[in-house]
1. Could you go through the range 123-130 and let me know if any residue there is touching a helix residue (DSSP H, G or I) at 6+ places or on another chain (Cβ under 6 Å), at pLDDT below 90, under 24 Å from residue 325 (Cα atoms) and part of a helix (DSSP H, G or I).
2. Go through (1) exposed (fewer than 15 other Cβ atoms within 10 Å of the Cβ); (2) in a helix (DSSP H, G or I) one by one and return the number of the condition residue 428 breaks.
3. Here is a list: 96, 107, 136. Which entry is under 19 Å from residue 222 (Cβ atoms), surrounded by fewer than 17 Cβ atoms within 10 Å (Cβ to Cβ) and in contact with a helix residue (DSSP H, G or I) (Cβ under 8 Å, 6 or more places away or on another chain)?
4. Within the range 309-330, which residues are out of contact with any helix residue (DSSP H, G or I) (no Cβ under 6 Å at 6 or more places or on another chain) and either at pLDDT 75 or above or under 16 Å from residue 391 (Cα atoms) (or both)?
5. How about the range 358-377: which of its residues are under 25 Å from residue 449 (Cα atoms) and modelled with pLDDT under 90?
6. Quick check on this structure: which one of 473, 412 is modelled with pLDDT under 85 and out of contact with any helix residue (DSSP H, G or I) (no Cβ under 7 Å at 6 or more places or on another chain)?
7. Restricting attention to the range 477-486, which residues are part of a loop (DSSP other than H, G, I, E, B) and either at pLDDT 85 or above or closer than 16 Å to residue 457 by Cβ (or both)?
């Protein structure tokens, strides 16, 4: 294929020719030999990052903060104030995921029809108000109610934000952007620890316990997120308000060059069925379940784990901050190299080894300083695992509606881990929870290798079909199943 640099300002005729093409095939043929100016494309990506990444990061930060703050308030006397037993509190942690896993796939599939801005803004408003109301609950029933509502609203956020990233960036550009998203889970832990440390000292202000102020103030922060999404997140990134005419043209070229990845704008039940029967989905979902055991167990119960080492509630929350910051740094660093080399399995496998060692130390060592060091090792895979795995699926599924369904179902499978976590992290010093997390990581390692081998085998089969060495007898041949669509492994 011949390549040529196109300067949109000096090649108006070529632009015009591309604009008048009437069919997807015509459009694709018009741009297949265009190579955008690398410097201008870098500037475009920087502009997109500056516009979208802060909004997306803040949205997920506030979401994860509101969800995981139950771990911060646990050590501040919330269960005692609402007369919740340890079993009831564990049920409250788990019940969040009952509605969370139920609504993930439907929200992901419906995002395009309802539009990203409308859906994400509405969900954000509802979960923000629910978080504020959490500061006024007086019994276990109220806790169950707000957790169920919170789960339903937050279910749509992560899969929809992931899908939105696929509408903006190429396959090889996504891991780094998902790292920004997932690093917010770590940052939310750090921010949550700092906020809890400060807000818990408001204990008694206006006659309210400190843990109530944690919920009220965090809910107010999330309201800001809803406003930001409404005004800052366009439904069509290619025609965003901050792009000039040349940049909009570049976005259209980029979209056409990855049409096979994006696919039709029309909903298709056939694509839903193809997605639901895709082996990649179940490999990825099983890996996500194992990695989410670590994510939800670690992020929700880290303050309690530190509390079990003898630290008081204020210091337990403060000591979580360096651990979460380290987790965010690790994820962003690993994601950079994953993008650079377009590979996922080796990085996933290696980061899990660090956390396996961390959990072994937590379970076998008595020294508190060594245990605290072990939490840093656990943090290496806490965010890398789920983040890299969802990106791995993102880049290997096409077109859009097939990808939307698979991301939703993968998250549904993975987030069932949250139900399990609430039952295994029940009693200090959380031996059962830590041991279960360790076992989950070992299983994840086996599944990662199996998925990598499956994708390699699929790539080899496609190469044989493309070369004419083998007849193509597969039932599905479109989207990511096309012979020239290479899976990243």
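1. For the range 123-130, residues touching a helix residue (DSSP H, G or I) at 6+ places or on another chain (Cβ under 6 Å), at pLDDT below 90, under 24 Å from residue 325 (Cα atoms) and part of a helix (DSSP H, G or I): absent.
2. The single condition residue 428 does not satisfy is (2).
3. 136
4. 322, 329
5. If the condition is that a residue be under 25 Å from residue 449 (Cα atoms) and modelled with pLDDT under 90, then no residue fits.
6. After applying the criteria, what remains is 473.
7. 483, 485, 486 - these are the residues of the range 477-486 that are part of a loop (DSSP other than H, G, I, E, B) and either at pLDDT 85 or above or closer than 16 Å to residue 457 by Cβ (or both).
Listed here are the residues, each with its yes/no results for (1) touching a residue at least 60 places away in the same chain (Cβ under 8 Å); (2) more than 29 Å from residue 488 (Cα to Cα); (3) buried (at least 19 other Cβ atoms within 10 Å of the Cβ).
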| position | (1), (2), (3) |
| --- | --- |
| 170 | yes, no, no |
| 179 | yes, no, yes |
| 198 | no, yes, no |
| 206 | no, yes, no |
| 211 | yes, yes, yes |
| 217 | no, yes, no |
| 232 | yes, yes, no |
| 235 | yes, no, no |
| 250 | yes, no, yes |
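The values are calculated or read from the model by the stated rules, or taken from the named source; none is laboratory data. Quick caveat: nothing in here was measured; it's all calculated off a predicted structure. Cβ coordinates were reconstructed from backbone atoms using ideal geometry, including for glycine residues, and neighbour counts include every protein chain displayed.
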